[in-house]
Amino acid sequence: MKFIGAAALATRQRRERRHGPFDRFASWFNRGFLELRRIDWQSPAAVLEKLIAYEAVHEIKGWDDLRRRLALDRRCFAFFHPALPGEPLIFVEVALVQGLATAMPPLLARETDEEAARAQAARADTAIFYSISNCQDGLRGISFGNFLIKQVVEELQAEFPQLERFSTLSPVPGFRRWLMQRLAERSDPDTALLPELERDGWWHDLAQSEKLRPALMRLCALYLTRQPSPGSRVDPVARFHLGNGARLERINWLGNAARRAIQESFGIMVNYLYDHDSIEDNHEAFVRGGTIVRSPDVDALLEA
């Protein structure tokens, strides 16, 4: 047994009084204790059931849907902790595709041909992270996602050395709320959009959706690149990926027409690109100066 000197003990007691019980609890769930596991169709049924229950971004609609998400051209990884061996703490779903994916339906299509999936994985040049779900409500204040993405990138690079890009296809959960508040002020030049956006089902009408597209794409680019203020925070998903060093790469029109996506962002989705050579610089720029590193495509939307 190792004894602690009086000075060291006093230092520890001061630290515990300063940081409180949450920090001591969080230390039990630091990166050193976490185990990364791939989840596939052969994983224990109890773990697979938890994926269905905990999926927070794109609902898993039963066992057939789950099986497709665990096919040979898909990957699912989760962090586990020794204290909760059968409980995932957080998991990420990945699609192996060619080029940047810009819409959800192809990623969630119910294709089950094993050979086709195997061939798709062999041809893939891009890994798309399309869902990250925290599983334990009691651990909401502890960040695992940044470690998870970085380690999964390493795993995928080792298994598929041909992969050239690592990107997300992400929701924009705060966009509609922000825009509707802005338009409600009536002094905004885009206020004329309001009655059109309140019309139910406009996204199913090609002519109407194309009419709204230029303004909504420009406004979404503005929303994602604006400087935060006391009453206007950075979008939570954007903050997560930009803080991890990703680049705001592309904004995609009607990337997801599911009801929830329409309610959150008028169906718009975003690619955040993780480029190994620029992650650290991007992270520093965002954390230190609030700079949002973005592609020329996003700049073009702002200038439209």
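Got a number for residues in segment 115-132 being surrounded by 20 or more Cβ atoms within 10 Å (Cβ to Cβ) and in a loop (DSSP other than H, G, I, E, B)?
1
Taking only segment 224-256 into account, find how many residues are open to solvent by less than 30 Å² (accessible area, probe 1.4 Å), in a loop (DSSP other than H, G, I, E, B), over 20 Å from Thr102 (Cβ atoms) and out of contact with any Asp or Glu (no Cβ under 7 Å at 6 or more places or on another chain).
2
So, of the residues in segment 81-90 that are at pLDDT 85 or above and over 14 Å from Leu48 (Cα atoms), which turns out to be most open to solvent (accessible area, probe 1.4 Å)?
Pro82
Of the conditions (1) closer than 30 Å to Phe166 by Cα; (2) open to solvent by 60 Å² or more (accessible area, probe 1.4 Å), Pro195 satisfies every one except a single condition; which number is it?
The one condition Pro195 does not meet is (1).
May I ask you to list pairs of residues, at least six apart or on different chains, whose Cβ atoms are under 7 Å apart, with the first in segment 264-291 being without any contact (Cβ under 8 Å) to a residue 24 or more places away in the chain and the second being open to solvent by 20 Å² or more (accessible area, probe 1.4 Å) and of a type in the set (S, T, N, Q)?
Ala285/Thr291
Could we say that Arg288 is of a type in the set (D, E, K, R), open to solvent by 30 Å² or more (accessible area, probe 1.4 Å) and within 19 Å of the chain's Cα centre (by Cα) here?
Working: of a type in the set (D, E, K, R): yes; open to solvent by 30 Å² or more (accessible area, probe 1.4 Å): yes; within 19 Å of the chain's Cα centre (by Cα): no.
No.
Condition first: loosely packed, with under 12 Cβ neighbours inside 10 Å and touching a Leu at 6+ places or on another chain (Cβ under 7 Å). Can you find one or more residues in segment 100-114 that meet it?
Yes, there is a match, as at least one residue in segment 100-114 is loosely packed, with under 12 Cβ neighbours inside 10 Å and touching a Leu at 6+ places or on another chain (Cβ under 7 Å).
Identify all residues within segment 102-141 that are in contact with a helix residue (DSSP H, G or I) (Cβ under 6 Å, 6 or more places away or on another chain) and at pLDDT 95 or above; write none if there are none.
Ala127, Tyr130
For segment 172-184, indicate whether the set of residues that are open to solvent by 70 Å² or more (accessible area, probe 1.4 Å) and farther than 30 Å from Ala46 by Cβ is non-empty. Can you show your working first?
Within segment 172-184, the subset open to solvent by 70 Å² or more (accessible area, probe 1.4 Å) is 177, 181.
With farther than 30 Å from Ala46 by Cβ added as a condition, the list becomes 177, 181.
Yes: one or more hits.
The values are calculated or read from the model by the stated rules, or taken from the named source; none is laboratory data. Remember, predicted model here, so these are calculated numbers, not experimental data. Glycine gets a Cβ as well: all are built from the backbone with ideal geometry, and neighbour counts include every protein chain shown. Surface areas here come from the heavy atoms of the whole protein model, side chains and all, with no ligands, DNA or RNA. Shrake-Rupley method; radii C 1.70, N 1.55, O 1.52, S 1.80 Å.
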